[in-house]
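Throughout, read-outs are computed from the coordinates displayed, never taken from laboratory work. If you're wondering where the values come from, they're calculated on a predicted model, not measured in any experiment. Note: ideal-geometry Cβ built from the backbone for every residue, glycine included; neighbour counts use all protein chains shown.
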Amino acid sequence: MTYGDEWTEDQAGPSGPDLTQGVAFAELARCGKLVGHVCEEEVLLIHSEKGVFAVGAHCTHYHAPLVDGLVVDHSLRCPWHHDCFDIHTGEALRAPALDPIACWVVGQRDGKIFVQRKHEAVAPAPRTATSGKTPENIVIVGGGADWVRSSRATTP
Ligand code: FES
């Protein structure tokens with residue numbers, strides 16, 4: 001690398017310990033969250049009162065580092081725009097993210113946590129609150145509503 005070259009995340013390679021070789025459970029319990037990798041993919045280990053979970057380390061919205069997010073019950077909240085992922089399934093529970101994060105199988109042996117493969121992708125359960133129904137009212141927030149008002153004002 002020479003002066004003027006840009007350093008990119010791709011050049012840096014995945015960070016943290018190789019989770020296929022295991023990390024000490026005591027270290028994870030002390031930190032609460034830990035970023036490691038499986039091959040070239042960064043994986044976030046989470047120790048919560050519900051257990052140990054392994055998920056993709058970056059938000060599917062704008063790639064925020066989820067290690068800086070907040071774990072509340074079974075959810076992980078992105079530090080940038082506050083979407084929310086289910087740490088059991090990876091499902092995006094709240095916008096702006098629409099795509100799930102990966103979930104990994106966690107093993108424990110001899111005081112170490114191991115991560116070696118992803119869970120098979122599971123189709124998210126259909127949302128039933130509005131399934132098959134057309135809403136009676138729609139609220140447009142932001143420039144969209146202003147555009148509607150101004151376009152009505154200029155329409156003959
Ligand atoms: S980067 Fe996570 S919600 Fe935008």
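Restricting to DSSP loop positions (anything but H, G, I, E, B) with no more than 12 other Cβ atoms inside 10 Å of their own Cβ, which GluC sites (Glu not before Pro) remain in the stretch 9-99?
Details: sites: GLU9, GLU27, GLU40, GLU41, GLU42, GLU49, GLU91; in loops: GLU40, GLU49, GLU91.
Counting only loop positions with at most 12 other Cβ atoms within 10 Å, the GluC sites (Glu not before Pro) in the stretch 9-99 are GLU40, GLU49.
Considering the Cα trace of the stretch 9-125, what is its radius of gyration and what is Dmax, both in angstroms?
Using the Cα atoms of the stretch 9-125, the pair Rg, Dmax is 13.3, 40 Å.
How would VAL38, VAL43 line up from fewest to most surrounding beta-carbon atoms within 10 angstrom?
Numbers: VAL38 19, VAL43 24.
Result, fewest neighbours first: VAL38, VAL43.
If you place +1 on the Cβ of every Lys and Arg, -1 on the Cβ of every Asp and Glu, and leave all else neutral, what size is the dipole of the stretch 9-125 about its Cα centre, to the nearest 20 Debye?
On the way: 9 positive and 16 negative charges, 75 e Å.
Approximately 360 debye in magnitude.
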